[in-house]
Structures are given as C-alpha cells and as structure tokens.
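Input: a single structure, listed below in structure tokens.
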Amino acid sequence: MRFDRLVAVLLLLQRREQVTAAEVSRELDVSERTARRDLEALAMAGVPVYSVRGRGGGWRLVGGARTDLSGLTASEARALFLAVGPASGATPAMKAALRKLVHALPKPFQMEAEAAASSLVVDPQRWGASRIEHRPPRFLDELQDAVIRGVQVSLGYVDGKGVETRRTVHPLGIVAKGPVWYLVSNTETGRRVFRIDRVSSVDPTENPVQRPGDFDLAESWNEIAEEVDRKRTPLEVSAVCTPEGIDVLRMALGDRLDVGGPTTDGRVAVVIRGPNEYILAGELSGLVEWVEVTAPPGVRDRMASIGNALVERYGRPRTGGGLHAS
C-alpha cells in the first residue's frame, strides 16, 4: 500500500519551501505521474497542501514551508502508531516512514506515540490452529490506487471454478475480512464483490468511476456480508434453551444464534441458523443437555437418529478385545 510513500512526500514538503512532481519523482524513485497522483491524494485526504501553477510553480504546505503536524491530537497520534506497531500487518517501509514521522510530532506527543507502537500484541491464530502467513494479494496496490483516483479498471478474474474472465469494473472500495481482501465494484450487472487474491490482471483506464452519490463503503459491506451469511446459512431452527445454556450456545454457534424472550416454562426461545439439516443436527446433538429443538421436524428426526446410533455404539458394555495383565 502507498501510505508509506505519502508520508515520505509529506516529510519532503516539510523540509522544502516547495517541491515539484519531478523532484518527488527523483527522491522517491517513482514516475512523475505517480508523484503527481500522490500529491493530489494528500490534498484529497485533507492535508493542507496546494499547487502553484505556472513557471516556477510546484506544491506547498498551507501557511509556510514546515508543519509539526500539530493538527493531530494526543489520542490520534497514539492511535496512528498503535495501528502500525510490531504486531500489525504494516509493511517495513510503512513502519520506517512512521518512525520518521514521530519526529515531526509535537514534543509532548512523541513519547506516548512511541510507547503506543509497542504496547499491543495481536495474535490472530486460534488456539490449536496451524500458523499460516497471510500476505497481501498481488494486485492490492493497483486496485487501491484505482479506488483513490476514481478510475475504471479492466479486470482479469478467475472464479471459484477456475474460469477466467475479463471485464471493466468501477472500483468503489476495498475490504479486508480476516485474511481475505475484497474489491467492491459496480459492473454492467450491478454491484459485485471480487476476491483480490483471484484477480489475474489489472489495467487502469482513464475513464472515471460512476460512483453512486449516496455510496458508503461500510454500509454497503454490511449489506453484502448479511446477504452472504444468509446464503451460507439458509436453514433456521427454532428451539428452547435453559438459561444456563445460553452462554454455551453463544460460544458454540457465534453469530448464528439469535436469542429471544423467555417461554412459559422458564426457558429461552432461540433461533439457530445453519447450512442444512444434517450439519445442524450434528451440532445440536452435542447440546441436548441445554437445548430442545422444536422445528423443523427434519432436524428433530436426524437428531433422534444420531441419538439411536450413539446408544447402539456406546450404550452397551464392550466385551473382548481388551488387554489383560498376566
């Protein structure tokens, strides 16, 4: 991602009264076009930078050649460095850029900002899970750049069945869900979501993105996530649970559990979602100490069948086959 480069541009602006895109290009070893985009991105992000047109022009910071970034509050400075601490997914270049940036902070903030960077460890692995290194997908930078610049891209994409297609899309935003990155886009057929690790090529165009005026990435992603969840867990089971079993269900089922109100016998009404009767029956069979399924009948029948199989296998004492001491 290019956050590290934008910070480097800001530091360059601090050191000089004025810079040109050509100078930024030489300093950061990027093309003039990329340098110009970075300067424009800083302005769009609210950094007080403006361009001076004409011969001898360039880019300057509003109010003079230097800034101590005093617009940051103490809590904002801590949050910034907390986000790129040792346990974060920030690139080495990004961390190096922020180490330089700390010297531009007001003196009272510097110590707290540096302490924040080493105050938190995030271990994303569950207990007992194998450690897998998750790297950002190949075309993440290019797609983020297209979102920021607001240009359409010609996208090569390989779907879940291995079929590769190419289409022109209007990038609206990028979402990371766990280790997986997604591109939210408008297409000829409406809004679509693409897994970025399945993108095979990205060719930006100069055509502007057609962005809905009321588009909000967070709201759009919530709608998408809810729709995906409904498709993944279309079956709903109605049940009643003892009050002491509610926490057990929450641990076992997570957000697939909806807790209702109390019933006449003192238990609690619940609704449980899952992909099909077979899987739900298997999950709930281990929770019969607390849960009684009331509908649908198919899940009750499968649970009864599982119970009979358990009694058949484990309800009778084992004979023979054991080890005996001599």
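Determine whether the stretch 20-27 contains at least one residue that is β-branched (V, I, T) and more than 17 Å from D145 (Cα to Cα). Write out each step before concluding.
First, the residues of the stretch 20-27 that are β-branched (V, I, T): 20, 24.
Restricting the remaining residues to those that are more than 17 Å from D145 (Cα to Cα) gives 20, 24.
Looking for residues that are β-branched (V, I, T) and more than 17 Å from D145 (Cα to Cα), one finds at least one in the stretch 20-27, hence yes.
Going by what's in this entry, would G266 be described as in a strand (DSSP E or B), out of contact with any His (no Cβ under 9 Å at 6 or more places or on another chain) and open to solvent by less than 60 Å² (accessible area, probe 1.4 Å)? Taking the combined requirement at face value, the residue does not satisfy it.
Does V271 satisfy being within 29 Å of K177 (Cβ to Cβ), of a type in the set (A, V, I, L, M, F, W, C), touching a Ser or Thr at 6+ places or on another chain (Cβ under 7 Å) and open to solvent by less than 60 Å² (accessible area, probe 1.4 Å)? I'd like the intermediate steps shown before the answer.
Details: within 29 Å of K177 (Cβ to Cβ): yes; of a type in the set (A, V, I, L, M, F, W, C): yes; touching a Ser or Thr at 6+ places or on another chain (Cβ under 7 Å): yes; open to solvent by less than 60 Å² (accessible area, probe 1.4 Å): yes.
So V271 passes the test.
So which of L284, L310, L235, L249 is farther than 30 Å from V193 by Cα, in contact (Cβ under 8 Å) with a residue 40 or more places away in the chain and either out of contact with any Phe, Trp or Tyr (no Cβ under 8 Å at 6 or more places or on another chain) or among the polar types (S, T, N, Q) (or both)? Walk me through how you get there before you give the answer.
Working: L310 fails: in contact (Cβ under 8 Å) with a residue 40 or more places away in the chain; L235 fails: farther than 30 Å from V193 by Cα; L249 fails: either out of contact with any Phe, Trp or Tyr (no Cβ under 8 Å at 6 or more places or on another chain) or among the polar types (S, T, N, Q) (or both).
Result: L284 is the single residue among L284, L310, L235, L249 that is farther than 30 Å from V193 by Cα, in contact (Cβ under 8 Å) with a residue 40 or more places away in the chain and either out of contact with any Phe, Trp or Tyr (no Cβ under 8 Å at 6 or more places or on another chain) or among the polar types (S, T, N, Q) (or both).
Before we move on, is A218 in a helix (DSSP H, G or I), among the aliphatic types (A, V, I, L, M), free of Cβ contacts under 8 Å to residues at least 60 places away in the same chain and within 30 Å of V147 (Cβ to Cβ)?
Details: in a helix (DSSP H, G or I): yes; among the aliphatic types (A, V, I, L, M): yes; free of Cβ contacts under 8 Å to residues at least 60 places away in the same chain: yes; within 30 Å of V147 (Cβ to Cβ): yes.
Yes, satisfied.
Starting from residues that are surrounded by fewer than 20 Cβ atoms within 10 Å (Cβ to Cβ) and either assigned to a strand (DSSP E or B) or touching a helix residue (DSSP H, G or I) at 6+ places or on another chain (Cβ under 7 Å) (or both), keep the ones in the stretch 137-156 and report whichever is modelled with the lowest pLDDT. So, considering only residues that are surrounded by fewer than 20 Cβ atoms within 10 Å (Cβ to Cβ) and either assigned to a strand (DSSP E or B) or touching a helix residue (DSSP H, G or I) at 6+ places or on another chain (Cβ under 7 Å) (or both), the one modelled with the lowest pLDDT is I148.
Quick one: in the stretch 236-254, of everything that is outside any helix (DSSP H, G or I) and open to solvent by 40 Å² or more (accessible area, probe 1.4 Å), which residue is farthest from S185 (Cα to Cα)?
Narrowing the stretch 236-254 to residues outside any helix (DSSP H, G or I): 236-242.
Narrowing further to those that are open to solvent by 40 Å² or more (accessible area, probe 1.4 Å): 236, 238.
Working: E236: 31, S238: 37 Å.
Once the filter is applied, the top-ranked residue is S238.
The values are calculated or read from the model by the stated rules, or taken from the named source; none is laboratory data. Keep in mind that this is a model prediction, so the values were computed, not measured. Here the Cβ is made from the backbone with ideal geometry for all residues, glycine too, and neighbour counts use every protein chain on show. These area figures cover heavy atoms from the full protein model, side chains too; ligands, DNA and RNA do not enter into them. Shrake-Rupley method; radii C 1.70, N 1.55, O 1.52, S 1.80 Å.
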